[in-house]
Amino acid sequence: VLKPGAGWWLAVAVQLSALILTSSRAGLTVALLGWVVLLVALAMARPVVRLWLLGLLGLCLGVGALLLGVLGQNLAARAEALQQADGRAALVQLSGQVIDNGPWVGHGLGGWAGAAVALRGPEVWPQQLDHFGNAHNLYLQTQAELGWPGLLGLLALGGLVLAGLLHGLMTRRRQVIYPAVGLAALGLVAAHSVVDFPLFVPAVMVALMLLVAAGLAQSFRSPDAPLGLAWPARLVRALIPALLSALLAVLVWLQLPLWQAAPVIKQIQAGVLPTGPALVAAGKALQQCVQRAAWQAKCQAGLLQVKLVQLQRLPEVLPAGSPQYKAWLANLEAHGTEALRLAPASPIEAYELAKVTWAQERPQRAALWLTHSILMAPYEQILSAARLPLVYALIQHPAVAAEERSILTDHLANLWRQNPYLLWRALQRNGLDPLLLAQSLAGRPWFDEAQWPNVAEAPWPLGKPAQSP
């Protein structure tokens with residue numbers, strides 16, 4: 001079954017050391033679980049070698065414990081910090097709220113992030129926006145996006161694969177390592193999915209498919225009947241992998257442009273404006289993504305963000321007011337409207353649409369989209385800082401309706417209430433006049449005028465205490 005030598009033992013030691021040095025609790029735990037499943041499966045399938053396999057299992061666990069004691073100080077510190085932050089528990093509670101809003105039909109594939117941002121409050125990790133791209137629990141996210149039918153379908157598929165691997169493990173006489181490795185890989189990813197989203201990572205998905213496919217292929221015996229009598233079964237067996245391979249190729253073909261543009265989209269969302277060939281390549285990739293899979297909200301939203309950056313980078317090519325400039329903005333509005341239709345709870349797309357309509361000199365429409373973005377995600381710090389210049393401009397614009405102006409003013413005051421120092425730095429970074437902020441704070445029952453000099457390092461600009469009647 002296994003013939004371990006010096007190289008094999010060295011590979012095990014290097015792998016365990018690398019896992020511990022990554023400081024990943026989930027990675028180390030599920031990797032050790034995968035090894036346990038592999039060795040237990042081999043021991044179950046081969047009673048002759050059961051004793052030394054169980055001894056090998058104990059030795060591996062002992063080596064892992066020894067390496068954990070020697071190298072695991074950083075891991076223990078990170079585990080303690082994360083336990084105190086209790087971020088995973090907050091995400092589980094938030095996912096439960098998302099599921100309760102659509103338990104049977106869900107919010108659509110890829111819709112967890114938008115729904116979670118709309119439902120969460122300021123107490124749920126306001127500083128760590130990166131954690132809200134996924135639920136960090138594949139099962140909860142599947143139910144939130146696809147409802148009960150999607151979750152049950154995922155579990156049923158996993159159960160069928162598990163049954164096939166167990167069949168091969170108990171019936172094969174030789175080379176039982178193949179179904180055992182497939183079973184270990186399946187168990188590893190299934191356990192990791194409880195605390196993360198491994199199936200959303202292309203490398204993990206491809207590796208899992210290869211190992212499980214190899215295990216399933218070696219779990220069933222080929223028919224011994226003559227070719228003339230068994231040709232329908234042989235034809236079906238030949239067509240199934242061909243169809244699965246074609247389906248995988250189509251899925252990769254649809255997702256490839258989005259993967260290519262992902263680094264640029266992350267830079268834009270982080271406030272870093274990319275330049276040069278990377279921006280052009282991202283635009284082309286996202287254009288292909290829209291043409292291939294127009295139903296993906298991420299493609300439409302990514303193309304909108306890239307084209308907005310291109311518009312800022314090319315003022316000499318597209319001067320404001322020119323027909324080309326207006327046509328470009330109309331195209332951006334179409335992409336943004338489609339992206340928001342596909343993901344109606346997304347605050348980023350609403351904000352991008354507000355910028356587009358503001359550039360089109362339509363302040364009423366811009367105020368409508370901006371208030372929609374604020375109501376969907378009032379506490380996102382990076383997004384709130386990015387929205388500040390447009391908030392200032394629309395509050396002072398005479399064409400904006402009183403209702404929208406009141407929402408924007410309240411939002412400005414609430415940003416101060418949540419984190420005045422962050423808001424003040426954002427005002428200084430954008431060169432915005434603090435007088436408008438002071439006017440929005442004046443008269444608020446919770447506002448303490450004495451706090452202003454501590455944050456702004458300047459006296460209260462209105463000249464009198466801001467106290468409620």
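All of the numbers you see were taken from the coordinates with simple rules; none came from a lab. Quantities reported herein were computed from a predicted structural model and do not represent experimental measurements. Cβ: placed from backbone, ideal geometry, glycine included. Neighbour counts: every protein chain shown.
A few points about this structure:
- Treating r as the C-beta distance of TYR421 and VAL105 and R0 as 60 Å, the FRET efficiency rounds to 0.90.
- Working value for segment 394-457: equivalent-ellipsoid semi-axes of 20, 14, 9 Å, each the square root of 5 times a Cα gyration tensor eigenvalue, largest first.
- When only Cα pairs below 8 angstrom with a gap of at least 6 residues are kept, segment 139-194 shows a relative contact order of 29 percent.
- Here the Karplus curve 6.51 cos²θ - 1.76 cosθ + 1.60, taken at θ = phi - 60°, turns the phi angles of segment 410-425 into couplings of 4, 5, 4, 5, 5, 5, 5, 5, 6, 7, x, 5, 5, 5, 5, 5 Hz, with x standing for Gly and Pro.
- 18 Å cut-off, amide nitrogen to a point 7 angstrom out along ARG341 Cα→Cβ, residues in segment 366-396: 369
- Computed lengthening from ALA11 to HIS397, 0.36 nm per intervening residue step minus Cα-Cα distance: 132.3 nm
- Between LEU251 and THR29, residue separation times 0.36 nm minus the direct Cα-Cα distance comes to 76.9 nm.
- Kirkwood Rh, Cα atoms: Rg over Rh of segment 311-379: 1.01
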